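Participant: The structure follows.
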Amino acid sequence: MAFVSNAPLVSRLTRRGRLMAKRTCDRRGHAFAFGRFLFRTPTAWEYAAAVAGGSDPAAQRWLGWLADSVVAEPMRGEALRVLPGTGPDWATPDPHSVDVVAIDLVAGRCAGLVSVHAGEDGGPETGGYLAPEYRGQGFGRDLFAAGLLLAHEHLGLSRVRAGAEVGNVASGRSLEAAGLRRAPGPPRYTLPDGRACEAWWYQHDAAWPRACAGPQAKWLAAS
Ligand SMILES: CC(C)(COP(=O)(O)OP(=O)(O)OC[C@H]1O[C@@H](n2cnc3c(N)ncnc32)[C@H](O)[C@@H]1OP(=O)(O)O)[C@@H](O)C(=O)NCCC(=O)NCCS
């Protein structure tokens, strides 16, 4: 997942405080509530905040992004303070991924990101991460449940899979708590930085998937 650094503008836009009230899907993006969070197609600054939330070494141990995608301090702290609803519309840098940020409306923070993207075999996979202050409290279940909602209720996908590195117990347990079940799959997958890791695989099926009014994953339908 690429990341374009726009952090110097973040504080100016945050001060401007342009709040978006978007709560439903339309052709420009997705929006739905689940659990504590509003999940929404991010603005540029919301995306920067979410990426910052996955940029700490503990998360990178599992996510393995390329160095130029990782937000380093002091920008990481600044990006994490982005006020949800600020920043310009923005298109994901990965055309094969539909990303939504988890917005904590109570705290006014971007808490994480979940996506439905093309896996190594071209089929739909979900995955995501939480900002450090949101980990260890069971919110991973809501994050991955939102990934299932995105796949089945918004993108019209009947099956979605997820991979977790063997040993990432928090991820595996959160995926299972969200309703995914262990499934067979390739023994390994490769992280963006090139590291091959042993994989646990999960999947979830829906008999009657639906497509919403939001942007659709045409790249998956074509695969
Ligand atoms: C993965 C992630 C989304 C999980 O969400 P979370 O809310 O932090 O998950 P939790 O810490 O609540 O852990 C979920 C469960 O696993 C358990 N667990 C976590 N680490 C554990 C460990 N090392 N050993 C045993 N159990 C563990 C927790 O006790 C919890 O148990 P419960 O279901 O009985 O409550 C989040 O930790 C995260 O963003 N991590 C960094 C990035 C990442 O790994 N992303 C996934 C890549 S595949």
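The values are calculated or read from the model by the stated rules, or taken from the named source; none is laboratory data. What you are looking at is a predicted structure, and each value in this text was computed from that prediction instead of being measured. Positions of Cβ are generated from backbone atoms using ideal geometry, with glycine treated the same way; all protein chains shown enter the neighbour counts. All accessible areas refer to the heavy atoms of the entire protein, side chains included, with ligands and DNA or RNA removed. Shrake-Rupley method; radii C 1.70, N 1.55, O 1.52, S 1.80 Å.
Participant: Quick check, is residue 161 within 15 Å of the ligand (Cβ to nearest atom), over 17 Å from the mean Cα position of the chain (by Cα) and either exposed (fewer than 13 other Cβ atoms within 10 Å of the Cβ) or of a type in the set (Lys, Arg) (or both)? Walk me through it before giving the result.
Facilitator: Details: within 15 Å of the ligand (Cβ to nearest atom): yes; over 17 Å from the mean Cα position of the chain (by Cα): no; either exposed (fewer than 13 other Cβ atoms within 10 Å of the Cβ) or of a type in the set (Lys, Arg) (or both): yes.
It is false that residue 161 is within 15 Å of the ligand (Cβ to nearest atom), over 17 Å from the mean Cα position of the chain (by Cα) and either exposed (fewer than 13 other Cβ atoms within 10 Å of the Cβ) or of a type in the set (Lys, Arg) (or both).
Participant: Restricting attention to the range 169-178, which residues are surrounded by fewer than 18 Cβ atoms within 10 Å (Cβ to Cβ) and either touching a residue at least 40 places away in the same chain (Cβ under 8 Å) or near the ligand (Cβ under 7 Å from one of its atoms) (or both)? Walk me through it before giving the result.
Facilitator: Residues of the range 169-178 surrounded by fewer than 18 Cβ atoms within 10 Å (Cβ to Cβ): 169-170, 173, 176-177.
Passing the criteria: 169, 170, 173, 177.
Participant: Same structure again: Can you find, within the range 187-209, the residue that is farthest from residue 112 (Cα to Cα) among those that are open to solvent by 70 Å² or more (accessible area, probe 1.4 Å) and touching an Asp or Glu at 6+ places or on another chain (Cβ under 8 Å)?
Facilitator: Only one residue fits best here, namely 187.
Participant: Name the single residue that is nearest to residue 139 (Cα to Cα) among those in the range 22-70 being part of a strand (DSSP E or B) and in contact with a Ser or Thr (Cβ under 9 Å, 6 or more places away or on another chain).
Facilitator: So in the range 22-70, the residues part of a strand (DSSP E or B) come out as 26, 29, 31-34, 37-40.
With in contact with a Ser or Thr (Cβ under 9 Å, 6 or more places away or on another chain) added as a condition, the list becomes 29, 31-32.
Numbers: 29: 23, 31: 18, 32: 16 Å.
The residue in question is 32.
Participant: Of the conditions (1) away from the ligand (no atom under 16 Å from the Cβ); (2) in contact with a Lys or Arg (Cβ under 9 Å, 6 or more places away or on another chain), residue 183 clears all except one; give me its number.
Facilitator: Among (1) away from the ligand (no atom under 16 Å from the Cβ); (2) in contact with a Lys or Arg (Cβ under 9 Å, 6 or more places away or on another chain), residue 183 violates only (1).
Participant: Given 116, 98, 106, which one is touching a residue at least 24 places away in the same chain (Cβ under 8 Å), buried (at least 18 other Cβ atoms within 10 Å of the Cβ) and out of contact with any Gly (no Cβ under 7 Å at 6 or more places or on another chain)?
Facilitator: Values: 116 fails: out of contact with any Gly (no Cβ under 7 Å at 6 or more places or on another chain); 106 fails: buried (at least 18 other Cβ atoms within 10 Å of the Cβ).
After applying the criteria, what remains is 98.
Participant: Then there is this: (1) open to solvent by 20 Å² or more (accessible area, probe 1.4 Å); (2) touching a Phe, Trp or Tyr at 6+ places or on another chain (Cβ under 9 Å); (3) of a type in the set (Gly, Ala, Ser): which one isn't true of residue 156, the others all being true?
Facilitator: (2)
Participant: Something else: Which residue pairs have Cβ atoms closer than 7 Å, lie 6 or more positions apart in sequence or on different chains, and pair a first residue in the range 39-66 that is more than 16 Å from the ligand (Cβ to nearest atom) with a second residue that is of a type in the set (S, T, N, Q) and open to solvent by less than 30 Å² (accessible area, probe 1.4 Å)?
Facilitator: So the pair list comes out as 43/86; 45/86.
Yes/no per residue for (1) among the aliphatic types (A, V, I, L, M); (2) out of contact with any Phe, Trp or Tyr (no Cβ under 7 Å at 6 or more places or on another chain):
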{"position": "32", "(1), (2)": "no, no"}
{"position": "38", "(1), (2)": "yes, yes"}
{"position": "41", "(1), (2)": "no, yes"}
{"position": "45", "(1), (2)": "no, yes"}
{"position": "48", "(1), (2)": "yes, yes"}
{"position": "57", "(1), (2)": "no, yes"}
{"position": "65", "(1), (2)": "no, yes"}
{"position": "72", "(1), (2)": "yes, yes"}
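Participant: Take residue 70 and tell me if it is open to solvent by 10 Å² or more (accessible area, probe 1.4 Å) and over 19 Å from residue 30 (Cβ atoms). Step through it out loud before you land on a result.
Facilitator: Values: open to solvent by 10 Å² or more (accessible area, probe 1.4 Å): yes; over 19 Å from residue 30 (Cβ atoms): yes.
For residue 70, the condition - open to solvent by 10 Å² or more (accessible area, probe 1.4 Å) and over 19 Å from residue 30 (Cβ atoms) - is met.
Participant: Tell me which residues, restricted to the range 116-136, are assigned to a loop (DSSP other than H, G, I, E, B) and near the ligand (Cβ under 10 Å from one of its atoms). Break it down stepwise before answering.
Facilitator: First pass over the range 116-136, keeping only residues assigned to a loop (DSSP other than H, G, I, E, B): 119-123, 131, 135-136.
Within the range 116-136, 131, 135, 136 meet the criteria.
Participant: Take the range 105-153 and flag every residue that is among the small types (Gly, Ala, Ser) and over 23 Å from residue 71 (Cβ atoms).
Facilitator: 118, 119, 122, 123, 138, 145, 151
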